[in-house]
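Enquirer: Quick one: structure below, then a few questions.
The values are calculated or read from the model by the stated rules, or taken from the named source; none is laboratory data. Given the structure is predicted, the values throughout are model-derived calculations rather than measurements. Positions of Cβ are backbone-derived with ideal geometry, glycine not excepted, and every protein chain shown enters the neighbour counts. Heavy atoms of the whole protein, side chains included, go into the accessibility calculation; ligands, DNA and RNA do not. Shrake-Rupley method; radii C 1.70, N 1.55, O 1.52, S 1.80 Å.
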Amino acid sequence: MKNIDSFTHTRGESIYLDDIPTTIGTLYGVVFGSPIAHGKIKSLVLTDAEASEGVVRIFTHLDIPGINQIGGIIPDEPLMAEDEVHFNGMPIAFVVATSTEAATLACKKIKVEIEPLPVITDPRVARANNSLIVPPRTFKIGDSKNAFQDCKYIFEGLAETNGQEHLYIETQGAYALPAENNAIKVYSSTQGPTAVQRHMADVLGIPMHRIEVDVTRLGGGFGGKEDQATSWAVFCGLATFLLKKPVKYALHRMEDMRMTGKRNPYSSDFKIGLDENLKIIAYEAIFHQNAGASADLSPAVLERTLFHTTNTYYVPNVTATAYSCRTNLPPNTAFRGFGGPQGMFVIEAAIAKAAESLGVAADVIQERNLLQTGNELPFGQIVQSEASPCWEKATSLYDVENMKMEIAAFNNTNSVYKKGLSFMPICFGISFTKTPMNQARALVHIYTDGSVNISTGAVEMGQGVNTKMIQVASTIFSIPASLIKLNTTNTYRIANTSPSAASATADLNGRAVEVACNALKERLVEVAADTLKCDKGDIEIKNEGVFVKGELSSMNWKALIMAGYLKRISLSEHGHYATPGLHFDMTKEKGHPFAYHVFGTAITTVTVDCIRGIYDIDSVKLVHDFGSSMNPLIDKGQIEGGLVQGIGWMTMEEIVFDADGRLRSNALSTYKVPDIYSVPKNIDLHFLETDNDNLAIFKSKAVGEPPLMYGIGTFFALRNAIKAFNPNSDVAFAAPMTPEKVLLGLYHSKNG
Ligand code: MTE
Ligand code: HPA
Ligand code: MOS
């Protein structure tokens, strides 16, 4: 099935927040954010700003009728600062005026006096100061300490990954409207409608049932709107509630870049031990996560780092400890992979270091240690692995031996250009790591003309989930997609939704649609048997018709529905799904948190210009474990998009904060993301199709986040190309590998 959005997207008819017509009298808000990263508020003078043209009212924390708190996991994040500010851009006031321009102008007239306090931007400094978001956590299997004594080779080192700006094309925003009886309707560009509803209720001091959150679609979220869409919606809701007027706020790109959190940067230490056969016997890692000024989702991100500490390798002795460090940066948050990539980069660095030191290719170590079905992960889950099938398929299909020979020949004959190759095998756990979040609901109505209307908790953000929801209903009812309409995501239709995240949206909501459709179908089969006077077991509903013992009867889908209506059976159903078999015990750090894992192998080749330090990504050839893809075209799009986003993180996207905690890469002129010229010249994708029972919807494995991690391969391919030019180079395991770093690496030696 074609992506249902492709028609309206290409005609420019798709509706995003800014396409919703505003009603007469709509006011516009702008947040006034702290000009410095840390300090005590001494005075706040609003008089000039209030007198500014078009200003209706300026709100501060003093205006909040409920609680001044929007923390998702722990309550450590005020909506607006009270007496201290903790990051540059932290909201202090919300200016509401007759236009965005008037509100922006008024913001400049606000006078705030802040006594500066020391600014921390480095997570290791934060840890040294004992400035942690939550107590550290340790995952442990076997006994790494003792196991190192049996290792022939031991290597230690440091690995760092920087943050990443989400850069969704649609910036954050919301539009709130007053409804009768003190209720509010809010349109929000959020991945988590229920999070918006819950926090707005808390801030306004009213029950959740008075808040209707509606989401048509997002122009991208990538995790940046899982928790961080909430505050903007709550600001609008607060002003609407107090003014009884519609209020809208859509952030300017530079506001969005300055005030919202990004992917958590990590600084990590590793120690890896191998035996004489290059089997990894022991691994230790210490992760320092830069959480920013408040928890947001960082504790959950930290947990996923621990879950992916060993990537796709079996290691019998592991000790991994993770610190979530509080700094004076905007609170960092979910970003495609959710801490997994940050953990996986570290073990890839450890393997690269071992390989370079031992003079073997990293893929020899990687291949020898791939997870096998039945292996136990450090947190106790027994894995069902496709790691080796993906690896083997990739090496044979793409003739890696020949690729390696060609690269060696190229490097032997070229002194100015050097090529590098790397393998990046991945393993990603599917499910929210917090078990209770793995539930979803769907509401399915069949109207008397046979048309179907579906609501779910899934938010469309470009990943194609709406198409998949329609596919589920269309497959179960065996009717064309044109008979099915999907509603906007709305908290009045579907309650208590988990955010659309963790790559699990299609699985969870699709299963709920499946449950509802199957229940309806069961009732319809009874109606058909009753009407056609035959056995239930002989009835089949397919191809828009009713079949009896394999023969098409006189009853079609539309007549069946009408018969059901006349018999007064319910043509509506609310389906509920909760992933079975999941559990995790945080006191032991053991359990079975994931429904299943997704595997794959990417082979990346690059060419480095050894005079300029610039480079091309020649090809990424990959084999990805889709299970049985229910929509190969959408899934292929996710692979390509995720891969390129991962390459951006690893190569060119460079977030720079100065020592004062001010974002210097605060616009698209200073923050470079991949464009059509920087994507791999060639992406080859092969589907590893398996028919194993998994918990995915229609056995079609989740695909949203895993491909991002293929991008990590580019870092190591570049490193190998640098080594081909200068074997003595000792370029740090610090992403992103910008052309500047490549250039320094090319001419750097171990002795300085
Ligand atoms: N693809 C597009 N086009 N836009 C997005 O915002 N978000 C990613 C991924 N793919 C995203 C995307 C992230 S972070 C997640 S968790 C999943 O999609 C969420 O959707 P899913 O659960 O339906 O895979
Ligand atoms: N992934 C994404 N988002 C989440 C998760 C997760 O595992 N847990 C809580 N929010
Ligand atoms: Mo994705 S980071 O789970 O929104």
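Enquirer: Given charges of +1 on the Cβ of Lys and Arg and -1 on the Cβ of Asp and Glu, with all other atoms neutral, how large is the dipole of the chain about its Cα centre, in debye to the nearest 20?
Expert: Here the size comes out at about 540 debye.
Enquirer: Run the quick spin-label model on Lys536 and Leu242: label points 7 Å from Cα toward the beta carbon, then report their separation in nm to one decimal.
Expert: Output for this residue pair reads 5.9 nm.
Enquirer: What's the percent breakdown of Cα-Cα distances in segment 551-676 across 10 Å bins, shortest bin first?
Expert: 8, 18, 19, 22, 16, 9, 6, 1
Enquirer: Taking 2.2 N^0.38 Å as the expected size of a compact globular protein, what ratio does the Cα radius of gyration of segment 606-752 give against it, to two decimals?
Expert: Here the answer is 1.23, to two decimals.
Enquirer: By how many nm would the segment from Ala128 to Ser396 lengthen if fully extended, with 0.36 nm per residue of separation less the alpha-carbon distance?
Expert: Residue separation times 0.36 nm, minus the Cα-Cα distance, leaves 91.6 nm.
Enquirer: Please compute the per residue accessible area over the chain with all protein chains in place, 1.4 Å probe, rounded to a whole number of Å².
Expert: Using a 1.4 Å probe on heavy atoms only, each residue of the chain averages 38 Å².
Enquirer: Whose amide H sits under 5 Å from the amide H of Ala734, counting only residues 5 or more places off or on another chain, with H placed in the peptide plane?
Expert: Glu160
Enquirer: Could I ask something else about it? Which loop-located trypsin sites (Lys or Arg not before Pro) does segment 645-752 contain, where loop means any DSSP state but H, G, I, E or B and the Cβ has at most 13 other Cβ atoms within 10 Å?
Expert: Here the trypsin sites (Lys or Arg not before Pro) that fit, given the DSSP loop and packing criteria, are Arg664, Lys681, Lys750.
Enquirer: Next up: Using +1 at the C-beta of Lys and Arg and -1 at the C-beta of Asp and Glu, which of Gln172, Ala734, Thr467 has the Cα lying farthest in the positive direction of the dipole of the chain?
Expert: Final value for the positive-end residue is Gln172.
Enquirer: Stretched out fully, how many nm does the piece from Thr8 to Ala408 gain, at 0.36 nm a residue minus the Cα gap?
Expert: Extending this stretch completely gives an extra 139.1 nm.
Enquirer: Working from the alpha-carbon coordinates of segment 564-622, get Rg over Rh, Rh being the Kirkwood radius.
Expert: Radius of gyration relative to Kirkwood radius: 1.43.
Enquirer: OK, next. What is the chain's relative contact order, in percent, from Cα pairs under 8 angstrom and six or more apart in sequence?
Expert: Across the chain, relative contact order equals 14 percent.
Enquirer: Dipole size in debye (nearest 20) for segment 687-752 around its Cα centre, Lys and Arg Cβ +1, Asp and Glu Cβ -1?
Expert: 320 debye
Enquirer: Around Gly25, what is the net charge, scoring Lys/Arg as +1 and Asp/Glu as -1 over all other residues with Cβ under 13 Å from its Cβ?
Expert: +3
Enquirer: What is the Å³ per residue value for the convex hull set by the Cα atoms of segment 374-436?
Expert: In segment 374-436, the Cα convex hull volume per residue is 140 Å³.
Enquirer: Then there's this: What are the chymotrypsin sites (Phe, Trp or Tyr not before Pro) within segment 648-716 that DSSP puts in a loop, where the Cβ has at most 16 other Cβ atoms within 10 Å?
Expert: Answer by residue number: Tyr677.
Enquirer: Which residue, Gly627, Ser665, Leu582, has the largest displacement toward the positive end of the dipole of segment 580-668 when charges sit on each Cβ (Lys, Arg +1; Asp, Glu -1)?
Expert: The residue sitting farthest along the positive end of the dipole is Leu582.
Enquirer: Residue by residue through segment 79-88, what is 3J(HN,Hα) from phi via Karplus (6.51 cos²θ - 1.76 cosθ + 1.60, θ = phi - 60°)? Round to whole Hz and write x for glycine and proline.
Expert: In residue order, the calculated couplings are 5, 10, 4, 9, 10, 10, 10, 10, 7, 5 Hz.
Enquirer: Something else now. Under unit Cβ charges (Lys, Arg +1; Asp, Glu -1), what dipole magnitude, rounded to 20 debye, does segment 439-578 have relative to its Cα centre?
Expert: So the dipole magnitude of segment 439-578 works out to roughly 240 debye.
Enquirer: Another one. Near the amide H of Leu132, under 5 Å away, which other amide H atoms are found, from residues 5 or more places off or on another chain, if H is placed in the peptide plane?
Expert: Arg326
Enquirer: For Leu622, what residues show an amide H to amide H distance below 5 Å, using hydrogens built from the backbone and excluding near sequence neighbours?
Expert: Ile603, Asp684, Leu685, His686
Enquirer: Sticking with this one: Could you point to the residue in Gly261, Tyr747, Tyr283 farthest towards the positive end of the chain's charge dipole, with +1 and -1 charges on the Cβ of Lys/Arg and Asp/Glu respectively?
Expert: Projecting each Cα onto the dipole axis, the largest value belongs to Gly261.
Enquirer: Okay, moving on. What spacing in nm lies between the two simple spin-label points modelled at Asn728 and Asp449, each 7 Å away from Cα in the Cβ direction?
Expert: Label-label distance for Asn728 and Asp449, simple model: 7.9 nm.
Enquirer: Shifting gears a bit: Can you work out the FRET efficiency for the pair Ser570 and Thr488, with r the C-beta to C-beta distance and R0 = 22 Å, to the nearest 0.05?
Expert: Efficiency, rounded to the nearest 0.05: 0.40.
Enquirer: Now for a different question. Only loop residues by DSSP count here, and only those with at most 16 other Cβ atoms within 10 Å; note down the GluC sites (Glu not before Pro) in segment 37-87 that meet that.
Expert: Glu53, Glu82
Enquirer: Tell me, what is the percent relative contact order of segment 531-572, built from C-alpha pairs under 8 Å that lie six or more residues apart?
Expert: Reported as a whole number, the value is 24 percent.
Enquirer: Could you work out the Kirkwood radius for segment 91-223, taking every pair of different alpha carbons, averaging 1/r and inverting it, reported in Å?
Expert: 20.9 Å
Enquirer: Where does the Debye-calculated log10 I(q)/I(0) of segment 439-578 sit at q = 0.11, 0.13, 0.18 Å⁻¹, using only Cα point scatterers of equal weight, no solvent?
Expert: -0.40, -0.54, -0.93
Enquirer: Something else about it: With N denoting the number of residues in the chain, provide Rg(C-alpha) divided by 2.2 N^0.38 Å, to two decimal places.
Expert: Rg over 2.2 N^0.38 Å, computed on Cα atoms: 1.00.
Enquirer: If you don't mind, there's one more thing I want to ask. Between segment 573-648 and segment 75-104, what's the alpha-carbon centroid distance in Å?
Expert: 37 Å
Enquirer: Summarise the accessible area of segment 653-705 (1.4 Å probe, protein heavy atoms) by the percent that is carbon and sulfur.
Expert: Ligands and nucleic acids excluded, carbon and sulfur reach 51 percent.
Enquirer: Could you pull the Rg and Dmax for segment 450-515, using just the Cα atoms, both in Å?
Expert: Cα radius of gyration and Dmax of segment 450-515 are 11.2, 34 Å respectively.
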